[in-house]
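The values are calculated or read from the model by the stated rules, or taken from the named source; none is laboratory data. Since the structure is predicted, the reported quantities are computational estimates derived from the model, not experimental observations. FYI the Cβ positions are ideal-geometry reconstructions off the backbone, even for glycines, and counts take in every protein chain you see. Only protein heavy atoms, including side chains, enter the accessible area calculation; ligands, DNA and RNA are left aside. Shrake-Rupley method; radii C 1.70, N 1.55, O 1.52, S 1.80 Å.
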Amino acid sequence: MQPFTFVRLQYRSGNWDTDPRMPSNLLHSLIQYTTVPVNEQEKVISLESSELFNYPFSYMSGHKLVQFNQKERQNFETYVRNGGFVFVDDCNHDIDGLFAKSFEEQMRQIFGASALKKIPNNHKLYRSFFTFDEGPPTTSFELNGWGDDLVHDYLKAIEVNGRIAVLYSNKDYGCEWDYDFRNKRWLAEDNTKFGVNIIMYALTS
Amino acid sequence: MAILSKEEAQAILKKALGFSKADECEITLNGNTGGNIRYARNEVSTSGAEENVSLAVESRFGKRSGVATINEFDDKSLEKVIRRSEEIARLAPESPEYVELLGPQEYITTKAHFDSTAKIDPAFRADAAAKSIKAATDKGLTAAGFLEHYTNFTAKMNNKGLFAYHPSTYVDFSVTMRTEDGTGSGYVTQDFSDVSKLDTGKASEIAAQKAATSRNAKALEPGKYTVILEPAASIDLLQNMFYNMDQRNAEEGRSFLSKPGGKSKVGEKLVDERITVYSDPAHPEVPEAPFAGDGRPQKKVTWIDKGVVKNLYNTRYWASNKGAVSVPPPSNIIMEGGNQSLEDMIKSTKRGILVTRLWYIRSVDPQTLLYTGLTRDGTFYIENGKIQYPVKNFRFNESPVIMLNNLEALGKPQRINGSLIPPMKIRDFTFTSLSDAV
């Protein structure tokens with residue numbers, strides 16, 4: 001069995017190099033909770049490169065514009081249609097932000113207007129390793145303490161053959177999980193557990 | 001009347017104790033005189049003075065205890081308050097955590113009383129406010145400030161032979177300044193035992209500078225940032241941490257120092273090894289009483305030594321119950337720092353945020369010591385070693401334990417809220433949303 005590799009997608013528009021310590025926290029959790037063998041370093045792969053097709057899981061995030069060039073668009077579509085899994089996380093945690101608007105437009109152009117859909121909170125994703133009865137866990141960035149918390153209580157996905165191929169979050173998990181791994185021990189509950197679910201779903205569905 | 005000398009206090013306490021028929025009796029006498037001045041919109045709005053002395057008696061019969069208080073000191077009144085505490089004691093249920101009163105104790109000497117502060121008069125207060133207001137009007141700003149000062153004494157005596165007396169003085173000053181258009185705000189706070197160290201004009205210039213340069217703040221995206229926390233920004237979080245180092249809370253599983261199975265984290269490395277924290281009532285900058293409220297001697301105690309938890313405080317009951325050394329809670333916090341100035345810290349920052357003050361702090365999770373609150377009164381973006389522009393205020397979600405693990409640099413400790421705290425540079429401080437408040 002090939003060890004699991006955390007692949008980050010590099011794209012030419014916007015900014016792809018966000019939350020640099022997030023992957024190491026997720027990999028740490030995979031080692032802690034599962035028996036999945038892992039590569040300890042994340043791998044950055046250009047979306048223009050066909051190297052992407054060697055890996056079943058990839059991550060894409062940013063704050064800014066997402067506008068794929070022809071090669072990027074072609075690779076994204078091929079990867080998704082051929083069984084790849086992309087976890088896309090909006091660093092603005094804002095459904096009106098530039099990343100959200102432009103990424104959703106890209107998905108509309110590639111997969112059609114109705115492809116990206118909200119998934120129900122009882123989806124298999126929420127039971128693929130740990131159980132999340134109430135759907136996606138809330139991040140601290142959504143709870144602003146003023147009582148007008150903008151919590152996105154759903155995730156969206158594009159499903160291919162009944163399986164999530166593009167998982168899309170406006171919750172900014174990347175930022176939530178981006179900390180020195182030594183500080184994990186101070187959390188009341190390890191907040192990367194949902195990340196384990198995402199990876200386990202991607203590897204087993 | 002308000003400030004009694006050691007001999008005067010002793011005479012009243014002895015007389016009152018003479019009326020006691022209880023098994024155990026402890027009497028505490030507290031007095032203060034003080035004054036204050038308040039100003040807003042660059043005009044003084046309130047000025048006042050106050051003085052009070054009060055006496056509290058705790059009488060005990062076996063494990064039953066009752067407390068009564070009074071502020072009249074003629075013989076009849078003293079007898080009356082003793083009798084009342086005895087009546088209450090007889091009616092009270094037995095305390096399951098009864099511990100006998102302390103006998104005679106040895107106390108170190110601490111110098112916390114300064115004539116300079118005791119002599120503050122209304123003219124001094126008016127002048128202090130005028131200097132602060134001038135710092136505002138010179139820059140076309142609006143100041144709202146408060147200065148208060150106290151001369152205190154506390155004396156305690158019981159029928160087991162304990163006697164303690166401690167005089168002290170204290171002055172506290174704070175001012176907020178706003179620009180006329182209301183888009184800029186600055187703040188400064190200082191407190192001293194010796195008022196000759198306070199220059200309200202000079203202090204106010206800091207607030208004025210912050211206000212004048214914080215107009216038209218830009219919005220930055222919330223997230224994890226390197227922050228430089230001035231002592232006024234970190235003090236509340238740190239006090240919440242150090243005043244939560246109770247042994248019982250830790251051993252009963254209610255604190256950030258709890259370990260499973262009724263153990264605490266004493267002896268474990270909790271934070272960065274550059275963090276050493278102690279309390280010392282004899283420290284000349286932050287002098288405090290050499291005894292705790294229950295009469296236990298206060299001396300230098302190291303709470304965290306090079307990042308490792310060394311001591312927890314306890315009640316006398318918990319200490320005897322657990323066979324632990326009896327340690328009273330700290331009366332001040334002294335955190336060792338480094339030699340860097342705030343300017344040095346800014347210079348060495350590639351990208352970060354300078355925080356003047358955190359306020360409205362509320363507890364989110366006591367077991368991880370997670371707090372939330374807001375920045376206020378001067379928040380600035382730093383890039384390439386320079387303050388670039390003011391930024392909108394943020395809400396934060398952070399634990400002081402995590403904060404002290406993410407330490408980058410320490411500055412020179414400054415007195416604040418009766419403690420000594422260095423400015424700190426911390427990486428990955430979590431700002432979770434923006435606030436429209438100025």
Dividing the mean separation of Cα pairs under 8 Å (6+ apart) by the residue count of chain A yields a relative contact order in percent of 25
R0 = 25 Å: FRET efficiency of B:Ser5 with B:Arg38, Cβ-based, nearest 0.05?
-> 0.20
Distant-in-sequence amide H partners of B:Lys412 (H built 1.01 Å from N, under 5 Å) = B:Gly338, B:Gln340
Sorted by chain and number, the residues with a modelled amide H under 5 Å from that of A:Val88, at a separation of 5 or more or across chains, are A:Met60, A:Leu167, A:Tyr168, A:Ser169
In the stretch B:205-290, what is the count of Lys pairs whose alpha carbons are under 25 Å apart, counting only pairs at least 8 residues apart or on separate chains?
-> 4
Could you work out how far the C-alpha centroid of the stretch B:7-68 sits from that of the stretch A:65-95, in angstrom?
-> 71
Under 20 Å from a label point 7 Å along Cα→Cβ of B:Asp127: give me every residue in the stretch B:146-167 with its amide N that close.
-> B:146-151
Stokes-Einstein D for chain B at 10 °C, 1.306 mPa s, Kirkwood Rh over Cα pairs, in µm²/s?
-> 67
Please list B:100-111, B:214-225 highest first by mean number of surrounding beta-carbon atoms within 10 Å per residue.
-> B:214-225, B:100-111
Karplus-derived 3J(HN,Hα), 6.51/-1.76/1.60, for each residue of the stretch B:144-153, Hz, glycine and proline x | 10, x, 8, 10, 9, 9, 9, 10, 10, 9
In degrees from 0 to 90, rounded to the nearest 10, what is the angle of the helix B:231-242 Cα long axis to the longest principal axis of chain B?
-> 40
Most to least packed among B:18-28, B:34-44 [average Cβ atoms within 10 Å] | B:18-28, B:34-44
Rounded to whole Hz, the Karplus (6.51, -1.76, 1.60) HN-Hα couplings of the stretch A:94-103, x for glycine and proline | 8, 5, 9, x, 5, 4, 4, 5, 6, 5
In percent, how large is the relative contact order of the stretch B:6-211, given Cα pairs closer than 8 Å and 6 or more residues apart?
-> 23
Low-density loop positions, trypsin sites (Lys or Arg not before Pro), the stretch B:349-438 - DSSP coil, at most 12 other Cβ in 10 Å | B:Lys350
Taking all protein chains together and a probe of 1.4 Å, list A:Arg8, A:Arg81 from the most accessible to the least accessible.
-> A:Arg81, A:Arg8
Any idea what the dipole of the protein assembly as shown comes to, in debye rounded to 20, about its Cα centre with Lys/Arg Cβ at +1 and Asp/Glu Cβ at -1?
-> 740
Residue-averaged beta-carbon neighbours from other chains (10 angstrom radius) around B:423-436 = 3
With chain B treated as a Gaussian network of Cα nodes joined by springs under 10 Å, which of B:Ser399, B:Ser419, B:Ser363 yields the largest mean-square fluctuation?
-> B:Ser363
Between A:Leu150 and A:Asn54, the FRET efficiency computed from the C-beta separation at R0 = 51 Å comes out, to the nearest 0.05, as 0.85
Label-to-label distance, nm, for residues given as B:Tyr98 and B:Glu50 (7 Å Cα→Cβ offset) | 3.7
For the stretch B:53-69, Karplus-derived ³J(HN,Hα) couplings (6.51, -1.76, 1.60; θ = phi - 60°; whole Hz; x for glycine and proline) come out as 10, 9, 10, 10, 10, 10, 10, 9, 10, x, 9, 9, 9, x, 10, 9, 10
Take every residue in peptide B:371-382, count the Cβ atoms of other chains within 10 Å of its Cβ, and give the average of those counts.
-> 1
Specify which residue in the list B:Ala155, B:Thr200, B:Thr356 is farthest towards the positive end of the charge dipole of the protein assembly as shown, using unit charges on the beta carbon of Lys, Arg (+1) and Asp, Glu (-1), about the Cα centre.
-> B:Thr356
Dipole size in debye (nearest 20) for the stretch A:1-57 around its Cα centre, Lys and Arg Cβ +1, Asp and Glu Cβ -1?
-> 60
Size of the dipole of chain B about the Cα centre, Lys and Arg at +1 and Asp and Glu at -1 on the beta carbon, nothing else charged, in debye to 20?
-> 880
Expressed as a rounded percentage, what relative contact order does the stretch B:265-332 have, with Cα pairs under 8 Å and six or more residues apart?
-> 36
Residues with amide H under 5 Å from that of B:Phe291, placed H, sequence gap 5 or more = B:Gln298
Across peptide B:223-229, how many C-beta atoms of other chains are within 10 Å of each residue C-beta, on average?
-> 2
For A:Asp133 the rounded accessible area (nearest 10 Å², probe 1.4 Å, non-protein molecules ignored) is 130
Hey, if you put +1 on the Cβ of every Lys and Arg and -1 on every Asp and Glu Cβ in the stretch B:265-332, which of B:Gly293, B:Asn332, B:Ala282 ends up farthest toward the positive end of that dipole?
-> B:Gly293
Structure shown: which of B:Lys6/B:Lys299; A:Lys101/A:Lys171; B:Lys347/B:Lys412 lie over 24 Å apart, alpha-carbon to alpha-carbon?
-> none
Express the C-alpha Rg of the protein assembly as shown as a ratio against the empirical globular expectation 2.2 N^0.38 Å, rounded to two decimals.
-> 1.18
So what's the projected area for the stretch B:6-211, the Cα convex hull averaged over all directions, in nm²?
-> 14.8
Pairwise FRET efficiency - A:Asn82 versus B:Arg254, Cβ, R0 = 51 Å, nearest 0.05 | 0.45
